[in-house]
């Protein structure tokens with residue numbers, strides 16, 4: 001059978017491109033408004049239609065959502081998930097795409113949280129919100145070793161920063177991390193920015209640097225570990241799964257993260273999908289389904305072996 005070539009012009013891919021790849025400095029008030037609306041439209045196209053339930057609630061005024069699998073379910077563990085969107089876009093509807101997929105594939109409940117976004121709320125507002133969600137789970141009786149952190153793109157950056165914050169505070173760390181195309185280096189040092197700039201259907205350097213600048217400020221040092229967790233402390237770091245597409249400019253962010261964790265003596269599983277792009281797992285296609293099966297295998301190996 002001939003291999004089916006992905007049509008980058010199909011409606012779902014067109015919606016994803018509209019969300020993520022606006023040429024030039026795409027962080028004007030008008031562009032951000034369009035991106036946020038596009039993300040909500042994408043959630044309607046790409047969120048699984050069944051196999052889970054979603055329940056809204058609040059943590060100290062922050063909108064959150066429990067996403068629970070309907071069938072095989074292990075209530076002893078929970079996934080705390082941070083959505084992507086360059087720290088300027090995204091919400092619970094957008095988060096539900098991957099939250100639902102993770103819940104169904106792993107059998108674990110997923111907690112998504114609507115962290116504050118730039119430019120209205122700059123660093124460290126999202127990290128404060130992630131910490132609030134973490135503390136909520138601790139107060140609910142989940143031990144740290146029964147919580148997995150997950151995040152895509154900027155959400156991957158956020159859960160890495162949360163883990164390193166917990167380390168600095170000498171608190172117990174999560175059981176494991178699941179990262180989808182994480183944004184780990186805000187200084188944009190990776191060779192993949194140039195190598196894959198013509199292949200990446202989603203991101204461009206201008207969009208990334210512009211989002212960074214409105215989030216941390218143009219006078220901040222992007223390589224600071226507070227913003228670029230790849231430069232942070234990885235001693236005694238949790239086991240980490242990193243899924244990334246071969247055709248994205250953030251590829252080196254994942255490769256370098258994996259090397260840093262392993263060099264520090266930790267375990268990192270680097271899963272590079274040769275046909276993938278930035279957070280390709282969101283798409284309702286077989287390629288994404290196979291990736292979620294690998295996520296399920298990682299979780300099973302981490303929790304039950």
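The values are calculated or read from the model by the stated rules, or taken from the named source; none is laboratory data. On a predicted model such as this, the values are computed, not experimentally measured, just so you know. For neighbour counting, all protein chains shown are included, and Cβ atoms are generated from backbone atoms with ideal geometry for every residue, glycine included.
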Of residues in the range 293-305 being closer than 20 Å to residue 276 by Cβ and in contact with a strand residue (DSSP E or B) (Cβ under 8 Å, 6 or more places away or on another chain), the one surrounded by the most Cβ atoms within 10 Å (Cβ to Cβ): 299
Strands (runs of 3 or more DSSP E) (entirely within the range 40-133) containing at least 3 residues that are without any contact (Cβ under 8 Å) to a residue 60 or more places away in the chain, more than 27 Å from residue 286 (Cα to Cα) and out of contact with any helix residue (DSSP H, G or I) (no Cβ under 9 Å at 6 or more places or on another chain): 52-59
Every residue from the range 140-152 that is assigned to a loop (DSSP other than H, G, I, E, B) and touching a residue at least 24 places away in the same chain (Cβ under 8 Å): 142, 143
Selected residue (criterion: farthest from the chain's Cα centre (by Cα)) from residues of the range 230-245 that are assigned to a strand (DSSP E or B) and more than 18 Å from residue 172 (Cβ to Cβ): 245
Scope the range 246-270; condition under 16 Å from the mean Cα position of the chain (by Cα), over 22 Å from residue 148 (Cβ atoms) and either at pLDDT below 95 or not in a helix (DSSP H, G or I) (or both); matching residues: 248, 249
Test result for residue 149, modelled with pLDDT of 95 or more and more than 30 Å from residue 28 (Cα to Cα): yes
Qualifying helices (runs of 4 or more DSSP H) (wholly inside the range 153-219; at least 3 residues being crowded, with 24+ Cβ neighbours inside 10 Å): 154-168, 205-216
Residues that are surrounded by fewer than 19 Cβ atoms within 10 Å (Cβ to Cβ) and in contact with a helix residue (DSSP H, G or I) (Cβ under 8 Å, 6 or more places away or on another chain), drawn from the range 134-152: 138, 144
Any hit, the range 95-114, residues being on the phi > 0 side of the Ramachandran plot, crowded, with 16+ Cβ neighbours inside 10 Å, out of contact with any strand residue (DSSP E or B) (no Cβ under 6 Å at 6 or more places or on another chain) and at pLDDT 90 or above: no
Residue 290 farther than 26 Å from residue 170 by Cβ, surrounded by fewer than 17 Cβ atoms within 10 Å (Cβ to Cβ) and touching a strand residue (DSSP E or B) at 6+ places or on another chain (Cβ under 9 Å): yes
Close pairs (7 angstrom Cβ cut-off, 6 or more residues apart or separate chains): in contact (Cβ under 8 Å) with a residue 40 or more places away in the chain and on the phi > 0 side of the Ramachandran plot in the range 271-292, surrounded by 17 or more Cβ atoms within 10 Å (Cβ to Cβ) and not in a helix (DSSP H, G or I) anywhere: 279/84; 279/152; 279/153; 279/180; 279/181
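Yes/no per residue for (1) in contact (Cβ under 8 Å) with a residue 60 or more places away in the chain; (2) more than 14 Å from the chain's Cα centre (by Cα):
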residue	(1), (2)
166	no, yes
180	yes, no
184	yes, no
191	yes, yes
202	yes, yes
